[in-house]
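The values are calculated or read from the model by the stated rules, or taken from the named source; none is laboratory data. Computed from a predicted structure; not experimentally measured. Heads up, the Cβs are rebuilt from the backbone with ideal geometry, glycines too, and the neighbour counts pull from every protein chain shown.
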Amino acid sequence: MLGKSYDTVIISDLHLGSQVSRAQDALDFLRSVDFRRLILLGDIFADLDFSRLTKDHWKFLGYIRKLSNPKHEKEVVWVEGNHDHGLTEVMSHLVGIPVYQQYEWEFAGKKHVAIHGHQFDSFGINNFHITRIGQAFFLFLQKLDSKKKTLARYLDRLNTRWLRLSAQVGDGALSHAKQGNAERIFCGHTHVPLSLERDGVEYYNSGAWVDLRCTYITICQEGVAIHEYDPEAFDPSDSGQERSETVADTARVAVPAGLSAAAAH
């Protein structure tokens, strides 16, 4: 187990129900890292079809439910993604965690915002039906692909580059944070890890857990870091180490799913 204890860990875009989801790796990671708060930053599911969920996918959800038990003294929140729409109300009860459209908290004297990022994807917003058809085709393609899903993962990366999603979501997120007087903003959606800074505002993208390269974000007193998951660095069997105490200046404002930050206030 890692010796370092984090205030917050962020992962996104697991796409449970898809054949490219690396749910077991995500589970091994969470079992082996210490944190006060876990943010599931959207697109935890691929679509509304529960029949696609595998044993590993259900194991991941079971562990999230376990983490949400108050005796573990960990805060677990789920920020709604575009693929999660229609599932959040049911699944939040099933796994026992709250779901938000946007989540805000204070740490180390800075205002932090977590929002999935599809809100800044103009192509997805303006071409909703085309996007849905594309998502269905992508899931079908995974059935025909090789065991390692090489083609599906390549097309996923190509789609991000073609739509220039990384730059678009980053620009939109930075503007959104500036308007809300936040110093840091975190997104997923693009499947590409990225950090940017503009006008005193920091932007971080957590990447995804659907490719050969899986990434996550950690936040502690030393700052924010994007890490690449390395299975060799994590031992899922070593999860019983006592959790070290961390001192966090925390006061959160959570925005329920379906509400804007302004509406919540």
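Which residues, counting only those in the stretch 69-96, are touching a Lys or Arg at 6+ places or on another chain (Cβ under 8 Å) and either in contact (Cβ under 8 Å) with a residue 12 or more places away in the chain or charged (D, E, K, R) (or both)? Scanning the stretch 69-96 gives Glu73, Lys74, Glu75, Val76, Val77, Leu94, Val95, Gly96. Taken as a whole, the condition of being outside any loop (DSSP other than H, G, I, E, B), in contact (Cβ under 8 Å) with a residue 40 or more places away in the chain, touching a Pro at 6+ places or on another chain (Cβ under 8 Å) and among the β-branched types (Val, Ile, Thr) does not apply to Val9.
Picking from residues in the stretch 88-108 that are part of a strand (DSSP E or B) and not charged (D, E, K, R), the one that is farthest from Asp43 (Cα to Cα) is Phe107. Among the residues of the stretch 1-9, none qualifies, meaning not one is modelled with pLDDT of 95 or more, among the aliphatic types (A, V, I, L, M), over 22 Å from Tyr100 (Cβ atoms) and surrounded by fewer than 22 Cβ atoms within 10 Å (Cβ to Cβ). In this entry, His85 passes the filter for residues that are surrounded by fewer than 22 Cβ atoms within 10 Å (Cβ to Cβ) and outside any helix (DSSP H, G or I). Of all residues in the stretch 40-62, at least one satisfies being in a strand (DSSP E or B) and either under 29 Å from Ala182 (Cα atoms) or at pLDDT 90 or above (or both). Here's a check for you: in the stretch 36-56, which residue that is under 16 Å from the mean Cα position of the chain (by Cα) and either polar (S, T, N, Q) or buried (at least 24 other Cβ atoms within 10 Å of the Cβ) (or both) is farthest from Ile97 (Cα to Cα)? Ranking the candidates gives Ala46 first.
Among (1) polar (S, T, N, Q); (2) part of a loop (DSSP other than H, G, I, E, B); (3) in contact with a helix residue (DSSP H, G or I) (Cβ under 6 Å, 6 or more places away or on another chain), there is one condition Ser21 misses while meeting the rest; what is its number? Checking Ser21 against (1) polar (S, T, N, Q); (2) part of a loop (DSSP other than H, G, I, E, B); (3) in contact with a helix residue (DSSP H, G or I) (Cβ under 6 Å, 6 or more places away or on another chain), the one that fails is (3). So for the stretch 71-79 (the condition being buried (at least 23 other Cβ atoms within 10 Å of the Cβ) and either modelled with pLDDT of 90 or more or of a type in the set (Lys, Arg) (or both)), does at least one residue qualify? Checked against the condition, which is being buried (at least 23 other Cβ atoms within 10 Å of the Cβ) and either modelled with pLDDT of 90 or more or of a type in the set (Lys, Arg) (or both), the stretch 71-79 yields at least one hit.
Of all residues in the stretch 66-73, none are closer than 15 Å to Trp209 by Cβ and not aromatic (Phe, Trp, Tyr).
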